[in-house]
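Comments concern the structure below.
The values are calculated or read from the model by the stated rules, or taken from the named source; none is laboratory data. Please read these numbers as outputs of a predicted model, since none were measured by experiment. Reconstructed Cβ throughout: ideal geometry from the backbone, glycine too, with neighbour counts over all protein chains shown.
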Amino acid sequence: MRRKVLVNAGEEWPDDLIAELSEHAEVIKYGTATVEDLRDAEVLVTFYLSPDDLKLMHNLKFIQVLSAGVDHLNWSVIPEDVMVCTNAGSNAEPVAEHAMALLLASAKRIAFYNSRCKSGDFSRPVRTALLKGSTLTVLGLGPIGLKVAEHAKSMGMKVRGYVRRPKSYPSVDEVFLHPDVAGALRGADACVVALPLNKHTRGLVDYEALSSMKRNGILVNVARGPIVVKEDLMRFLNENPDFVYATDVWWNTQDLSKDWDVALLPNVISTPWVAGAFGNPAVFGEMVRFALLNVLRYLRGEEALNRVDRSDYL
Ligand code: NDP
């Protein structure tokens, strides 16, 4: 029997890569798959998993997720012998750009002054911050965090990183190890959250961690909402009106408007989860290509990138 790859990527279907994959396996659009295809499929490329379909996939060996984050998967229904890979690195550039946009907009008070200028008020009641020479902590040095660190370094910032297993990072001046998040944030002017959401990082940025930053600091979140404790953040923002929370991500991912209470705070600037795939179709196209290249690696018997350690999620 020919190996089968099911691809659940909407209309995205890069013909050149599909042709290369087809040298190793039959590549099938998920929407056209028969029950037999589900039963035979060895590889599934997808954002979401249908537990019902998964039950039919007796031959499944590899799930290539299209997103960099895999916190939304129902890990309890994925058989232990199925390898799961994230798509980390597939959209690092646009997400890092977005983090820098939020950081710069916060430091320079763009949202604040923009709305005043539009109303005809050209007075200057608040100061802007200088990023050069200031300290930025980057939580997570994956592809996104590393890009942010590079941008920050090129702007003359002092860069701290926060990881579990340190390596050498040319754009990072000082590395802190999990779980010393308060140490990594101590006295920092700004922080960018670029961690995956897993059982170790959920709620990592709590009131204590926030309190170790400068009272007029900036916290940028382009990773996932629940890494920050929502109630602690709201309390901290209310107590420290000069502190800014700048975010692309939210706690209620099914209905972002349920987090309007945070968006409404005067010291919050926000975007509705547009840093990655939802912001630009070209970004999604690149993510599909990146994912399929990993499948190609797997089909050729090479080591696939970004293999998930399921114990981080269960
Ligand atoms: P990676 O998953 O490749 O990066 C992981 C980094 O986080 C590594 O440096 C890793 O360090 C570190 N890390 C993981 N767990 C811990 C921990 N418990 N303590 C300390 N460090 C830890 O991520 P990416 O850079 O690709 O993406 C990060 C996240 O950004 C994604 O998981 C996703 O949720 C989010 N994202 C958001 C988007 C948006 O639209 N806003 C778009 C794309 C991604 P170590 O190697 O030492 O474990």
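Mind checking which helices (runs of 4 or more DSSP H) fall wholly inside the stretch 1-98 and carry at least 1 residues that are polar (S, T, N, Q) and surrounded by fewer than 20 Cβ atoms within 10 Å (Cβ to Cβ)? Output list reads 15-22.
Can you find a residue in the stretch 272-288 that is within 15 Å of the ligand (Cβ to nearest atom) and over 24 Å from Val45 (Cβ atoms)? Within the stretch 272-288 (the criterion being within 15 Å of the ligand (Cβ to nearest atom) and over 24 Å from Val45 (Cβ atoms)), the answer is yes, since at least one residue qualifies. Quick one: which of Asn8, Asn74, Asn59 is touching an Asp or Glu at 6+ places or on another chain (Cβ under 7 Å) and either farther than 17 Å from Arg289 by Cβ or not assigned by TED's automatic domain parsing to the domain that holds Leu195 (or both)? Only one candidate qualifies: Asn59.
Restricting the search to the stretch 237-289, which residues are free of Cβ contacts under 8 Å to residues at least 12 places away in the same chain and surrounded by 14 or more Cβ atoms within 10 Å (Cβ to Cβ)? Ala263, the sole residue that qualifies. Within the stretch 74-81, one or more residues are at pLDDT 95 or above, on the phi < 0 side of the Ramachandran plot and within 16 Å of the ligand (Cβ to nearest atom). Take Asp40 and decide whether it is within 16 Å of the ligand (Cβ to nearest atom) and modelled with pLDDT of 95 or more. No, not satisfied. Among the residues of the stretch 251-258, not a single one is of a type in the set (Phe, Trp, Tyr) and away from the ligand (no atom under 16 Å from the Cβ).
Scanning the stretch 173-208 for residues that are within 10 Å of the ligand (Cβ to nearest atom) and acidic (Asp, Glu) gives a single hit, Asp180.
Selection of the stretch 290-314 for residues being out of contact with any helix residue (DSSP H, G or I) (no Cβ under 9 Å at 6 or more places or on another chain) and free of Cβ contacts under 8 Å to residues at least 12 places away in the same chain yields Arg297, Gly301, Asp309, Ser311. If you check Ala41, Ala99 for being in the same structural domain as Val181 (by TED's automatic domain parsing) and not hydroxyl-bearing (Ser, Thr, Tyr), only one passes: Ala99.
Every residue, every condition in (1) among the aliphatic types (A, V, I, L, M); (2) touching a residue at least 40 places away in the same chain (Cβ under 8 Å); (3) on the phi > 0 side of the Ramachandran plot, yes or no:
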position: Thr128; (1), (2), (3): no, no, no
position: Lys132; (1), (2), (3): no, no, no
position: Thr135; (1), (2), (3): no, yes, no
position: Ala149; (1), (2), (3): yes, no, no
position: Met155; (1), (2), (3): yes, no, no
position: Pro166; (1), (2), (3): no, no, no
position: Pro170; (1), (2), (3): no, no, no
position: Ala182; (1), (2), (3): yes, no, no
position: Asp189; (1), (2), (3): no, yes, no
